[in-house]
Amino acid sequence: MSQHAASGSASRVKVLNLDNMNPNVRKVEYAVRGAIVQRALQIEKELKEGVKKPFAEVIKANIGDAHAMGQKPITFLRQVLALCTYPDLLEDNKFPEDAKQRARRILDACGGRSIGAYSTSQGIECIRQDVARYIEKRDGGIPSNADNIYLSTGASDAIVTMLKLLVCGEGRDRTGVMISIPQYPLYSAALADLAAVQIKYYLDEDKCWSLDIAELKRAVDAARQHCNPRVICIINPGNPTGQVQSRQCIEDVIRFAKEEHLFLMADEVYQDNVYAEGCKFHSFKRVLFEMGPEYSATVEMASFHSTSKCYMGECGFRGGYMEVINMDPEVKAQLTKIVSVRLCPPVPGQALLDMVVNPPQPDEPSYNMFMKERTAVLADLAEKAGLTEQIFNTVPGITCNPVQGAMYTFPRIALPQKAIDKAKEEGHVPDMFYCMKLLEEEGICLIPGSGFGQREGTFHFRMTILPPIEKLKIVLQKISDFHIRFTQEFS
Amino acid sequence: MATLNPQVKAVEYAVRGPIVTKAGDIERGLQQGMKQSFTEVIKANIGDAHAMGQQPITFLRQVVALCCFPELLESPAFPDDAKQRAQRILQDCGGQSLGSYSASQGVECIRRDVADYITRRDQGVPSDWNSIYLTTGASDGIMSILKLIVSGRGTSRTGVMIPIPQYPLYSAAISELEAVHINYYLDEDDCWALDIEELQRAYLTAKQQCQPRVLCIINPGNPTGQVQSKKCIEEVLHFAYVENLFVMADEVYQDNVYSPDCQFHSFKKVLYEMGPEYFNNVELASFHSTSKGYTGECGFRGGYMEVLNMDPQVEAQLVKLLSVRLCPPVPGQAAMDVIVNPPKVHEPSYAQFIKEKSAVLDVLAHKAMLTERILNSVPGIKCNPVQGAMYAFPEIFIPPRAIQEAQSLSVAPDMLYCLRLLEETGICVVPGSGFGQREGTFHFRMTILPSPEKLELLLRQLKEFHLRFLEENIVPSAQIVLNPSRQWPSPQSSD
């Protein structure tokens, strides 16, 4: 990675070295692209160079990237993007009229009618209005104000911005942020970066990873001894766990947030990824408002969405938004100020998001193809979710909760004591040792549960359900076989 | 507000600050039928070329469209060279889709293309693609490096040297990271040149209160537009070498050089030419963007940085930090690829590409000169040559009466000036106080981006406004005499 040029005089210490760099950055970890992925890339390179391995390819089931695993983009979305990018195509009769109409509308809202112009820092106004309407429609008519919508560079951007706004105080007053264990490690990374205090609350593995209010209370009470708890983060549908919280649970969380005076951050990027029978996505906003003004007028909240997941899988475009509820107006002005420093989120991503919230309607020419593609993607994911749970649960030593939603499975793996000891000998956490071995022997890249957090003494891995179904079956078989081998080897 | 992160509160970003908010309000008012003495707001506050009518480069948009919607690879309406580039990019994307996350450092073939571009630009000075990081605009790379570096407490807190005037991303980042601002003044009397003695002064003063570790320089300059001489860059690099400073070279305007007497010299190339002791030791990060140059693709948020001599362990930390945000927007990466890998002489799109590129740069050069000339014809305005970049940063004489008025309103005098300008003419520019300036001096930054016709109109209206402003503040314009040693005359008559 560094310059290959010969280094200079030995006496010269680097201006920027490990000891004088930002110590918070050193504490940041992000397992989804961590050590095991780096090894996977190395192996891939070796394969390309002709090195012999017991497998022909590395299957990267570490990251929620649908297109990388073969999922196709939604045609309509890409048509509109192409039209916005190269407006000459508006004269091309191969593009449907509804796509052209949307492209024109977006271009009309861009400076100089170009997606190359900066947008306002909150995002193109007509797109924010479309987002607000989408939210209203989704939430049974509960009003959404475009002024409370901030388009962002993926959901991650908005999440980090909110945390940045919220974290303050010193010592015992330092802001504490409640995060689920297991969690998507963007949260822990952001908190490390901001030197905020992590307050961990454990999801209940025995109850399908559901949220237990008593556990929330335990966590916050304990935290009050050494920090100032001010935020609670919840991911629904969950990552890595895939649980879809019940409406009752969401109400309980909102009530808890109010009682404990916490800002609620609701990560809802998987809102279209719900597979299990009997499960339904309930937006935090909708539940909040249905609880009446005592809550809807007071609880401060931000909800996040993205173009990277659901049926679109447009990770590379870095599209997303957040909706803020009941934010102090002066703080909102500060929020607007801080996002202005980065000018604006990528306009192609904003355009893509617009299509997500403003898709073809039943009376429009592209509707049929759009619905066909959308349904196919979601049905495929649902099938793979079911298959994954089913196959893993046939393996002695692997326990897999239902993949109710999202894109991952997070099964618990039983590791023999000898393996745990061997791992420690080699300086690895046991589930990293397991995953590394799987990678070296089968070319399958998963992320160890330690990267997401888990109860002490338990081990897991996170695998995506994104490979095409035939490949997924093979992967599931290989992991199952590996697990049995591993267990035998270390018994 | 009491529980808001205090570092956030400290952040200011004038380019989209209060005056721009006001301009937006007025614009909305106009749309709703409110009457003003002007029919449109001219937003000369932000370096956004397309918003002011500059056309995208056809080839670039063709390649990106092909990447977005690969079905177009079958279309006869697209030239082969565009298709070839699109296919090459898509080949390196997961699932051959722009919608996949790329590696956190960026798509590999694009990074290689960037390295090749740099090597060509610097006449053979080698660039390692492993040291290239694609970023979400240059701002993202700049923030990441600053975040990496800032550490320490109290008197060992990292100090960051920034030019005054500067592009306020830097001051905003420093505030946010709670680093220490170390201001070094560019020399307005010498075309905004960098003066080494001034660097040394700033450094030595700062050393008492903090640990200076970073030196930021913008070349060509924003807002000042100066293009630093090779000698100056050498002196800066030598200074950084001696004082152990990490150099951050913001070179996003490297294609925007207008003055025939000026030439862009990359920090990296100059460093190389200073010999191995410098080239192998000075830690340098150089930044570029798709937002400026001749493509003006701000909305794509494309950019890159090249790091030189970074400690390998720190570089691993950098990669880790970037991985949390997954990757920069892939369409922006594709746009960057076209910029560093444009049509070659023998390729079908070359002629049109060169024509469009030249047209954009020629008109910018013309507007740079026009702006300087007209502003300098106004009594009470003095404008240094706009050697490069996209802005003019003229000094304005603000009469004492107006200064007093500003003080009574608790606004900076140049903010008052700009607000009045906006209210009377609809022209939105940014007060110099947003960029920093020597105490007691006032400036504004305007872009040179409106079309030549609109720009002339803008400048004419600005001139008229300025003369009115002087008159209203009881300084007869005929009595303003521009004094090269910049001693503004006091008004002949008093209140």
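When chains B and A come together, the accessible area they lose, probed at 1.4 Å and totalled over both chains, is close to 7700 Å².
Given a 1.4 Å probe, show me the residues in region B:1-34 buried by at least 50 Å² of accessible surface when comparing the whole protein assembly to the chain alone. The answer is B:M1, B:T3, B:L4, B:N5, B:V8, B:Y13, B:R16. For region B:86-106, a decrease in accessible area of 30 Å² or greater in the assembled protein chains relative to the isolated chain, with a 1.4 Å probe, applies to B:G95, B:S97, B:G99, B:S100, B:Y101. In degrees, nearest 10, range 0 to 90: what is the angle between the Cα axis of helix B:413-425 and the longest Cα principal axis of chain B? Compared with the principal axis, the helix lies near 90 degrees. Answer rounded, prolate or oblate for region A:39-112, using the Cα gyration tensor with square roots of eigenvalues a ≥ b ≥ c: rounded when a/c is under 1.5, else prolate when a/b is larger than b/c, else oblate. Judged from the Cα gyration tensor, region A:39-112 comes out prolate (a/c at least 1.5, a/b above b/c). Here A:K137 sits with roughly 150 square angstrom of accessible surface, probe radius 1.4 Å.
With just the Cα atoms defining each centre, how far is region B:247-262 from region A:297-314? Give it in Å. Distance between centres, Cα-based: 41 Å. Which residue, B:I110, B:F287, A:F486, has the largest displacement toward the positive end of the dipole of the protein assembly as shown when charges sit on each Cβ (Lys, Arg +1; Asp, Glu -1)? Of B:I110, B:F287, A:F486, it is A:F486. Computed from point charges on the beta carbon alone (+1 for Lys and Arg, -1 for Asp and Glu), the dipole magnitude for region A:368-466 about its Cα centre is near 240 Debye. Rounded to the nearest 5, the antiparallel percentage of DSSP beta bridges internal to the protein assembly as shown is 50%. The modelled label-to-label distance between A:E489 and A:T336, using points 7 Å beyond Cα along the C-beta direction, is 5.9 nm.
On the beta carbon distance between B:R460 and B:Q404, with R0 = 35 Å, the FRET formula returns roughly 0.75.
Only one residue of B:I162, B:V242, A:G141 has its Cα farthest out toward the positive end of the dipole of the protein assembly as shown, where Lys and Arg carry +1 and Asp and Glu -1 on Cβ, and that residue is A:G141.
Considering only A:C233, A:T175, A:A155, and ranking their Cα positions along the charge dipole of region A:148-285 that arises from unit charges at the beta-carbon of Lys, Arg, Asp and Glu, the one farthest toward the positive end is A:T175. Here the protein assembly as shown is treated with +1 on each Lys and Arg Cβ and -1 on each Asp and Glu Cβ, and its dipole about the Cα centre works out to around 760 debye. Calculated accessible area for chain A comes out at 37 Å² per residue, all protein chains present (probe 1.4 Å; ligands, DNA, RNA ignored).
Once the Cα atoms are used to define both axes, helix B:137-149 deviates from the longest principal axis of chain B by about 90 degrees. With a threshold of 24 Å on the Cα-Cα distance, the over-threshold entries among A:K100/A:K285; A:K53/A:K418; A:K45/A:K437 are A:K100/A:K285; A:K53/A:K418. Expressed as a whole percent, the accessible surface of the protein assembly as shown that belongs to carbon and sulfur atoms is 51, based on a 1.4 Å probe. Specify the inter-centroid distance of region A:64-140 and region B:405-480, based on alpha-carbon positions, in whole Å. Region A:64-140 and region B:405-480 have Cα centres spaced 38 Å from each other. Average accessible surface for region B:181-242: 38 Å² per residue, computed with a 1.4 Å probe over protein heavy atoms with every protein chain in place. Extent along the principal axes, Cα only, for region A:285-372: 44, 36, 21 Å, with the longest axis given first. The long axis of helix B:312-323 is offset from the longest Cα principal axis of chain B by roughly 80 degrees.
What does the net charge come to around B:M369 if you take all other residues with beta carbon closer than 13 Å to its beta carbon, with K and R at +1 and D and E at -1? So the surrounding residues net to -2. With a threshold of 28 Å on the Cα-Cα distance, the over-threshold entries among A:K48/A:K309; B:K83/B:K454; B:K231/B:K320; A:K200/A:K309; B:K382/B:K454; B:K268/B:K344 are A:K48/A:K309; B:K83/B:K454; B:K231/B:K320. By its C-alpha gyration tensor, with a ≥ b ≥ c as the square roots of the eigenvalues, how is chain A shaped: rounded for a/c under 1.5, else prolate for a/b larger than b/c, else oblate? Because its axes are fairly even, with a/c under 1.5, chain A counts as rounded. Across chain A, C-alpha contacts under 8 Å between residues 6 or more apart give a mean separation that, scaled by the residue count, equals a relative contact order of 21 percent.
For region A:262-307, the gyration tensor built on C-alpha atoms gives an oblate shape. Its axis ratio a/c (a ≥ b ≥ c) is at least 1.5, and a/b is not larger than b/c. Counting only other residues whose beta carbon sits under 12 Å from that of A:C310, what net charge do I get with K and R as +1, D and E as -1? That works out to -1. About its Cα centre, the dipole of region A:200-270 is roughly 240 debye, where the only charges are +1 on Lys and Arg Cβ and -1 on Asp and Glu Cβ. Other residues with beta-carbon under 12 Å from the beta-carbon of B:Y294 carry, at +1 per Lys or Arg and -1 per Asp or Glu, a net charge of -1. Taking the DSSP bridge list for chain A and keeping only pairs wholly inside it, about 50 percent are antiparallel.
Against the empirical 2.2 N^0.38 Å (N residues), the protein assembly as shown has a Cα radius of gyration ratio of 0.95.
For region A:48-74, list whatever residues lose no less than 40 Å² of accessible surface once every protein chain is in place, relative to that chain by itself, with the probe at 1.4 Å. By number: A:H67.
Summarising the strand pairing of region B:242-329, around 60 percent of its internal DSSP beta bridges are antiparallel. Based on Cα contacts under 8 Å between residues 6+ apart, chain B shows a relative contact order of 20 percent.
The values are calculated or read from the model by the stated rules, or taken from the named source; none is laboratory data. Every value quoted in this text rests on a predicted model; they were computed, and no experiment measured them. We place every Cβ from the backbone using ideal geometry, glycine too, and count neighbours over all the protein chains shown. We work out accessible area using only protein heavy atoms, side chains counted, and drop any ligands, DNA or RNA first. Shrake-Rupley method; radii C 1.70, N 1.55, O 1.52, S 1.80 Å.
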